[in-house]
Amino acid sequence: MTEPDYLNSAYTLRSWFFTTDHKRIAILYFATLIGFFFIGGAAATAIRIELATPQADLVSSDTYNRLFTMHGVIMVWFFLIPSIPNTLGNFIVPLMIGARDLAFPRLNLMSWYLFIAGGSVTLFAILAGGIDTGWTFYTPFSTLYSNSYVIVAVTGIFIAGFSSILTGLNFIATVHRLRAPGLTWYRLPLFIWSLYATSVILVLATPVLAITLVLLATERFLGVGIFDPRIGGDPLLFQHLFWFYSHPAVYIMILPGMGVVNELISCFSRKPVFGYKFVAWASLAIAAVGFLVWGHHMFVSGQSLLASLVFSFMSFIVAVPSAIKVFNWTATLHKGSLRFDAPMLYALAFLGLFTIGGLTGLFLACLAFDVHATDTYFVVAHFHYIMVGGMVTAYFGGLHYWWPKITGRLYSEYWARTAAVLIFFGFNLTFFPQFVLGAEGMPRRYHVYPPEFQVWNVLSSGGATILAAAYLLPMFYLGYSLFFGRRAPANPWDAPGLEWQTPSPPPEFNFESQPVVTRAPYQYGPDFAAEPQNA
Amino acid sequence: MTNWWPPLTLVGSWLALLALLALTVTLAYLPLGSFNSAVAIVIAAIKATIVAAFFMELRDRGARLLIFAGAGLFWLGILLWLGLMDFMTRTPA
Ligand code: HEM
Ligand SMILES: [Cu+2]
């Protein structure tokens, strides 16, 4: 009789809410994030309906401000930042490195509770009337003029920040201490490298966000002069501090996606990732250089010309490691035996969409172009191509790839491919028109616009309908597979990674015996199965 | 736990922190001009060192831990360096 798997080891509520099993915590996070994705998505739906016509017909200007703020706050802090790290990362990292759990299992659970606490506080602010500052909370509006629940909202984000920090610490300690015998750094799957880089950012950047939010609340509540020049503050200090966190945070939101894509592309090309060491170090380079570019959000803010020049230059540098990755993924596809299973379709979509998002980032990094494009829909399109086209797509890809491992069930390949194609199509129809709108000068964050912009807005809203439907589809076929799907074998993709060398779903302590690693990752090929991974 | 006494180093560093705090407050009332901030920052740096060395127990740790702790300091340096770069080179409009 073998050990029961982690889902069947116990059934009580207590065994879920007080679990320290990284796999169960991943599921807790997963369920929570679906909830937040729906809330953020509801706000987006309202926004796109409103923007279908040039007049204001659904909501007032004030409500519109609250809608896009709610959308941004929820999607950034309560969906994208924890998305891949806390669900797929939590579940897969220990399995991938042959460990029984993360280094600090109880800290892991605490991180989820902090996330729930922070999320509840911020949701309360939204329910009590909302916040109208935008997700960026720029002063002086947020400190002096806004009559909305700014302090409550930032308190929630402050608390959730500690959940981020704990997760980062946990991953760093785990990768250093808990690798299986023989699993040297250069034998680590690239998903681990990218989550390690993400964790470094989480630990180094998030405290600055926490401090910034406290300073904001201090000025708003106590009137201490920090950002307000009339009482001795510096008007740009808030933006400096905020973007010192938030630019690195955009890399928190893309690096894990890049990590997933490594696994998918190599698996469905049946080849090791081309230029492994370059891709591994590119992750760390992104994490480090990503801290030197934040001023590209402040080109028109009145920061000094020298600062703008330096930040512009550094922004070009930071694109280099991302480009290295894109080229190496393409080289991995070259002469591979490609298979177009659903996860691969998501990975290919990621490749195209991320490239467009990254290249338009370079447009924006040019001072002269940015003066024209800043605060227009061009910026909105740029970051949605990366965060939604890139990260959310990678999230779906990873979810499909590891679904059999996580749940022990196989989903309908037909429906999964259909959803992937619809997402790609709906996404482009939603966001490509926004590049055009931005280039023509439509500002972001307004709900009334000149009639000549309507065509592109209608296309975008139409695309959003398709995209929303496509995002809902997996709920059905993945949900269906939970109950009626065929049982998944241990290794449905014939992949060499350690996570596939244990049953699906894995037993409570992951491996029946301690795995030993004897070679580099991604050794696809006819002979890999012959060599034993478990010793 | 009944027989537990805080180690002398901890008590000592706590007292040192209190003394430095008193010093900051006193010096704040002396008319030193722009030296007031300089002195306050120096004292704050000493306090931070005490906290890192004794309370965080970094003084007798291995290289890897020191690298990680140093990274925090280094990144703070980046924040100050690039942030001040704007502040010090701004031209009035
Ligand atoms: C290839 C490297 C990248 C470069 C050079 C770049 C450049 C820029 C620039 C210059 C802006 C400011 C535009 C403006 O406000 O006028 C911007 C905005 C933005 N970028 Fe990027 N970007 C890059 C990658 C990313 C990534 C990877 C993400 C997210 C995962 C991202 C997310 C954002 C967001 C959220 C904003 C808008 C923030 C706001 O004002 O609300 N960018 N980017
Ligand atoms: Cu940025």
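The values are calculated or read from the model by the stated rules, or taken from the named source; none is laboratory data. All values reported here derive from a predicted model rather than from experimental measurement. Cβ sites come from the backbone with ideal geometry, for glycine too, and all protein chains shown count toward neighbours.
Observations, loosely collected:
- Within segment B:55-90, the set of residues being at pLDDT 90 or above and touching a Ser or Thr at 6+ places or on another chain (Cβ under 7 Å) comprises B:ASP86, B:THR89.
- Considering segment A:239-275, and only residues there that are more than 16 Å from ligand 1 (Cβ to nearest atom) and surrounded by fewer than 23 Cβ atoms within 10 Å (Cβ to Cβ), the residue that is farthest from A:GLY336 (Cα to Cα) turns out to be A:GLY275.
- Test: residue in segment A:352-372 that is within 30 Å of A:HIS447 (Cβ to Cβ), crowded, with 19+ Cβ neighbours inside 10 Å, of a type in the set (A, V, I, L, M, F, W, C) and away from ligand 2 (no atom under 16 Å from the Cβ): yes
- Residues in segment A:173-196 that are within 13 Å of chain B (Cβ to nearest Cβ) and in contact with a Leu (Cβ under 9 Å, 6 or more places away or on another chain): A:ALA173, A:VAL175, A:TYR196.
- Considering residues of segment B:57-93 that are within 25 Å of A:ALA288 (Cα to Cα) and outside any helix (DSSP H, G or I) only, the residue nearest to the other protein chains (Cβ to nearest Cβ): B:THR89
- Residue that is within 12 Å of ligand 1 (Cβ to nearest atom), farther than 27 Å from A:ASN90 by Cα and away from chain B (no Cβ under 14 Å), where the choices are A:VAL326, A:VAL379: A:VAL379
- Cβ-Cβ under 7 Å pairs, at least 6 apart or on other chains, segment A:19-37 side within 14 Å of A:TYR395 (Cβ to Cβ), far side of a type in the set (A, V, I, L, M) and at pLDDT 95 or above: A:PHE36/A:ILE74
- Any hit, segment A:285-305, residues being under 28 Å from A:PHE242 (Cα atoms) and more than 15 Å from ligand 1 (Cβ to nearest atom): yes
- Residue satisfying all of: in segment A:130-148; in contact (Cβ under 8 Å) with a residue 12 or more places away in the chain and either touching a Leu at 6+ places or on another chain (Cβ under 9 Å) or assigned to a helix (DSSP H, G or I) (or both); nearest to ligand 1 (Cβ to nearest atom) among these: A:PHE137
- Qualifying residue in segment A:184-192 (condition: over 15 Å from A:ILE252 (Cα atoms) and touching a Lys or Arg at 6+ places or on another chain (Cβ under 6 Å)): no
- Verdict on A:ALA210 being more than 13 Å from chain B (Cβ to nearest Cβ) and either more than 25 Å from B:PHE87 (Cβ to Cβ) or in a helix (DSSP H, G or I) (or both): yes
Listed here are the residues, each with its yes/no results for (1) basic (Lys, Arg); (2) in a helix (DSSP H, G or I).
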| residue | (1), (2) |
| --- | --- |
| A:LYS277 | yes, yes |
| A:ILE286 | no, yes |
| A:SER312 | no, yes |
| A:SER315 | no, yes |
| A:VAL318 | no, yes |
| A:THR330 | no, yes |
| A:LYS335 | yes, no |
| A:THR355 | no, yes |
| A:LEU364 | no, yes |
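- Single residue of segment A:24-75 satisfying the filter (small (Gly, Ala, Ser) and in a loop (DSSP other than H, G, I, E, B)) that is modelled with the lowest pLDDT: A:ALA56
- All positions within segment A:215-263 that are charged (D, E, K, R), more than 11 Å from chain B (Cβ to nearest Cβ) and over 30 Å from A:PHE396 (Cβ atoms): A:GLU219, A:ARG220, A:ASP228, A:ARG230
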